[in-house]
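What follows is a set of notes on a single structure, which appears directly below.
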Amino acid sequence: MNEQRASLPGTIAAWVVAFLMVFPILWMAITAFKTESEAIAIPPLLLFRPVLSSFAAALAQSGYLHFALNSIIVSLGSTVLAILIAFPAAYAMAFQPGRHTQDLLVWMLSTKMLPPVGVLVPIYLIFRDTGLLDTVEGLVIVDTLMNLPIVVWMLFSFFRDIPRDILEAAHMDGVGPRKQMMHLLLPLASPGIASAALLAIILSWNEAFWSINLTAAHAGTLAAYIARYSAPEGLFWAKLSAASVLAVAPILLFGCLAQRRLVRGLTVGAVK
Amino acid sequence: MAKLELRKVGKFYGGFEAVKSVDLTVEDREFVVFVGPSGCGKTTLLRMIAGLEDISSGELFIDGARANAVPPDKRGLAMVFQSYALYPHMTVAGNMGFALKMAGAPKAEIAEKVQEAARVLQLEPLLNRRPRMLSGGQRQRVAIGRAIVRSPKGFLFDEPLSNLDAALRVQMRTELVKLHQALAATMIYVTHDQVEAMTMADRIVVLEGGRVAQVGTPLELYHRPANLFVAGFIGSPKMNFLSARAVAIGPRETTLELAPDRVLAFPSPAPALAIAPGAAVTLGVRPEHLRFVESGPLRGVVDVVEHLGVETLVYVKESSGGTVIVRTDDLSRVRQGETVSLALHPDRGSLFDTAGDALFHLSPT
Ligand SMILES: Nc1ncnc2c1ncn2[C@@H]1O[C@H](COP(=O)(O)OP(=O)(O)O)[C@@H](O)[C@H]1O
Ligand SMILES: [Mg+2]
């Protein structure tokens, strides 16, 4: 490793860039603590007495808790489902690859390159005809499918780091695939599974496109909540900011808590 | 308990033939070693016997029953992997008892069998440790213990000692031989190290490019190698190969010409040699079957002298260009740069035809 000290100008430049990138979010957070008149004041106010009235207003008007609950159910539900499906799939791909396994993996990832709007109409029609529009179940299904390729890929790479010999030894010992998964893969790949789950939760929480297009008042998530909120209340900057803060705060908090695990999980293959 | 029969067993990976029509019978309680250079198909053959790899062609019989389609755990064989393949998240006891636990054996029975295996392998103080807290040799023992606990009919070892240091390897070699005697089970042992093969095996199977080059006891292979490959592979330092021409093949005496003015005569073998006079042949002579003399059929200049204590290896640059290795305990006579003359042991050596197959052997057996 190169133990070079960062130069002072370099450090300053890095901080400036970081500040510019974080600024909009920071400004949103600051605005959330202003009153409406302070929020639109020009020149912008930097010194003011922070108040919670915008939060109160946002919470009172819009059923934040309802949307938040939907977000929790959808992100957790879709993540559990995705892991349950991806686990045996990745097992088969890692340890009993067929001739087309590699193609299949590439194809799965390629589906992530398709813009979601490209399949909006068919999915919308399917949802309409099956009664899944504006249901939490429908959103869970869509988010599961959306995250499945990434989860399979992550689990696949974690499984590939597990020596084949271990599973073959179990095979010789008469331990079948199901027990191998339960007693060997699950404990051995648990850091990887945790990372995949964390990522899936975050992606699902932040997912806006499907949530906005497939749900209304009943099954909307926080992403839909902000989108909907901004239209009629668009001019009320303080309230909108407060609502946005309320929407991103839980996942930000979650991300901070899970950060170390997530980074370790995402880099484990590269470091080895 | 476990007799294995392979009939024309072959393995294809796509179009690549990794194992070619292997015929072999492993008797009950025999210790058979598969040996050969890296990539010759040892692991593939062993894995086919284990059931971890499908048999592409031919048949495998275990105790007389066709076993091609029998799943690995139903073959009654246990395998010890080169990498040990221990379960890293389980203790030593957990590793050894895992198979039984998964099979639903009662706790008391598992504990008893694990204890018994631990006693045999002197693992008792380590039963509660994790594999990562063990030395290489200890891990190796655990891997063997895991196999023993299942009371298999036969053991399959894939280069089990290659990750150990030299001293430990020699020690484990002896222990495995003792274990074989104690367990009275059939064992197949894969190695690329001919010394391991020679020291441990009842019978050795030499593989070359997926084919069986020769099957035999260590001494058979050493003294009567079936071809140049086996002759060169078994024995260290290597057997010397001398190009020669069969000048006269009489009923009583055969004469070889090593170089224009140097001939070598020996009694003709019982069925006369199946070669025409004048044919090119290769004479194989072990280093210990050469000795320094005043005037002999080989001459050269001493290139390197290696004193190993018990013996001395002398590398002689022969006048025809090749290097001949001489194994001797005579320290006094040779110096580097000296011109020497060599004689061959009168009744040791092998003669090979141009295809590399043995024509006949001068040997004690
Ligand atoms: N899964 C596989 N796919 C393709 N070729 C293989 C596979 N396994 C082994 N081989 C090839 O088969 C040959 C024999 O391999 P192996 O049995 O591992 O040799 P050894 O154990 O004697 O070193 C080698 O040439 C190797 O490259
Ligand atoms: Mg091998």
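The values are calculated or read from the model by the stated rules, or taken from the named source; none is laboratory data. Predicted model only: the values in this text are computed from it and were never measured. Methodologically, a virtual Cβ is constructed for each residue, glycine included, from the backbone with ideal geometry; neighbour enumeration extends over all protein chains shown. Ligands, DNA and RNA are stripped out before the accessible areas are found, and what is left, the full protein with its side chains, is counted by its heavy atoms. Shrake-Rupley method; radii C 1.70, N 1.55, O 1.52, S 1.80 Å.
On the stretch given as region B:149-164, residues that are away from ligand 2 (no atom under 13 Å from the Cβ) and out of contact with any Ser or Thr (no Cβ under 8 Å at 6 or more places or on another chain) total 5. Restricting region B:55-74 to residues that are touching a residue at least 40 places away in the same chain (Cβ under 8 Å) and part of a loop (DSSP other than H, G, I, E, B) leaves a set whose member that is farthest from the other protein chains (Cβ to nearest Cβ) is B:G64. Among the residues of region B:127-159, those identified as assigned to a helix (DSSP H, G or I), open to solvent by less than 60 Å² (accessible area, probe 1.4 Å) and more than 13 Å from chain A (Cβ to nearest Cβ) are B:G136, B:G137, B:Q138, B:Q140, B:R141.
Of the candidates A:A197, A:A170, the single residue that is of a type in the set (A, V, I, L, M), facing chain B (nearest Cβ under 10 Å) and part of a helix (DSSP H, G or I) is A:A170. Of everything in region B:311-340 that is within 17 Å of B:F241 (Cα to Cα) and touching a Gly at 6+ places or on another chain (Cβ under 8 Å), the residue that is most open to solvent (accessible area, probe 1.4 Å) is B:K317. Taking every residue in region B:170-195 that is assigned by TED's automatic domain parsing to the domain that holds B:T217 and pairing it with any residue that is among the basic types (K, R) and assigned to a helix (DSSP H, G or I), at least 6 positions away or on another chain, the pairs with Cβ-Cβ distances below 7 Å are B:V190/B:K42.
Scanning region B:21-37 turns up no residue that is farther than 27 Å from B:V230 by Cβ, in contact with a strand residue (DSSP E or B) (Cβ under 9 Å, 6 or more places away or on another chain), within 16 Å of ligand 2 (Cβ to nearest atom) and part of a loop (DSSP other than H, G, I, E, B). Name the residue that is farthest from ligand 1 (Cβ to nearest atom), counting only residues in region B:35-54 that are over 16 Å from B:A78 (Cα atoms) and either among the basic types (K, R) or touching a Leu at 6+ places or on another chain (Cβ under 9 Å) (or both). Only one residue tops the list, namely B:V35.
Here B:E196 passes the criteria (1) more than 16 Å from ligand 2 (Cβ to nearest atom); (2) open to solvent by less than 30 Å² (accessible area, probe 1.4 Å); (3) assigned to a helix (DSSP H, G or I) except the one numbered (1).
Residue-wise test of (1) free of Cβ contacts under 8 Å to residues at least 24 places away in the same chain; (2) within 14 Å of chain B (Cβ to nearest Cβ); (3) within 24 Å of the chain's Cα centre (by Cα); (4) open to solvent by 80 Å² or more (accessible area, probe 1.4 Å).
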residue	(1), (2), (3), (4)
A:T101	yes, no, no, no
A:R128	yes, no, no, yes
A:D134	no, no, yes, no
A:V140	no, no, yes, no
A:T144	no, no, yes, no
A:P149	no, no, yes, no
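When region B:260-272 is filtered for residues that are within 33 Å of the chain's Cα centre (by Cα) and part of a loop (DSSP other than H, G, I, E, B), the ones remaining, listed by number, are B:S268, B:P269, B:A270, B:P271, B:A272. Just to be sure before I move on: is B:E257 outside any helix (DSSP H, G or I), more than 23 Å from B:I62 (Cα to Cα) and open to solvent by less than 60 Å² (accessible area, probe 1.4 Å) in the structure I sent? The answer is yes for B:E257.
Pairs meeting the criteria (first residue in region B:13-42 and on the phi > 0 side of the Ramachandran plot and in contact (Cβ under 8 Å) with a residue 12 or more places away in the chain, second residue part of a strand (DSSP E or B) and within 6 Å of ligand 1 (Cβ to nearest atom), beta carbons under 6 Å, at least 6 apart or on different chains) are B:G41/B:A18. One residue alone among A:L184, A:L222 is open to solvent by less than 10 Å² (accessible area, probe 1.4 Å) and within 14 Å of another protein chain (Cβ to nearest Cβ), and that residue is A:L184.
Put simply, of B:L6, B:L100 the only residue that is open to solvent by less than 20 Å² (accessible area, probe 1.4 Å) and either more than 14 Å from every other protein chain (Cβ to nearest Cβ) or closer than 22 Å to B:A184 by Cα (or both) is B:L6. When B:L86, B:L52 are checked against the criterion of being touching a helix residue (DSSP H, G or I) at 6+ places or on another chain (Cβ under 8 Å), in a loop (DSSP other than H, G, I, E, B) and within 16 Å of ligand 2 (Cβ to nearest atom), B:L52 stands alone in meeting it.
Which of the residues spanning region B:103-121 are within 11 Å of another protein chain (Cβ to nearest Cβ) and part of a helix (DSSP H, G or I)? None; the set is empty. A Cβ distance below 9 Å, combined with a sequence gap of six or more or placement on separate chains, defines the contacts here; from region A:158-173, residues that are of a type in the set (K, R) reach residues that are open to solvent by 30 Å² or more (accessible area, probe 1.4 Å) in the pairs A:R160/A:G269.
Given the structure, is B:A118 among the small types (G, A, S) and either open to solvent by 60 Å² or more (accessible area, probe 1.4 Å) or at pLDDT below 90 (or both)? No.
Name every residue in region A:157-166 that is more than 7 Å from chain B (Cβ to nearest Cβ) and open to solvent by 10 Å² or more (accessible area, probe 1.4 Å), in order of residue number. Scanning region A:157-166 gives A:S157, A:F158, A:R160, A:D161, A:I162, A:R164. Put simply, of B:Q214, B:Q181 the only residue that is modelled with pLDDT of 95 or more, over 20 Å from B:N95 (Cβ atoms) and either open to solvent by less than 10 Å² (accessible area, probe 1.4 Å) or more than 16 Å from ligand 2 (Cβ to nearest atom) (or both) is B:Q214.
For region A:236-265, the tally of residues that are surrounded by 15 or more Cβ atoms within 10 Å (Cβ to Cβ) and at pLDDT below 75 stands at 2.
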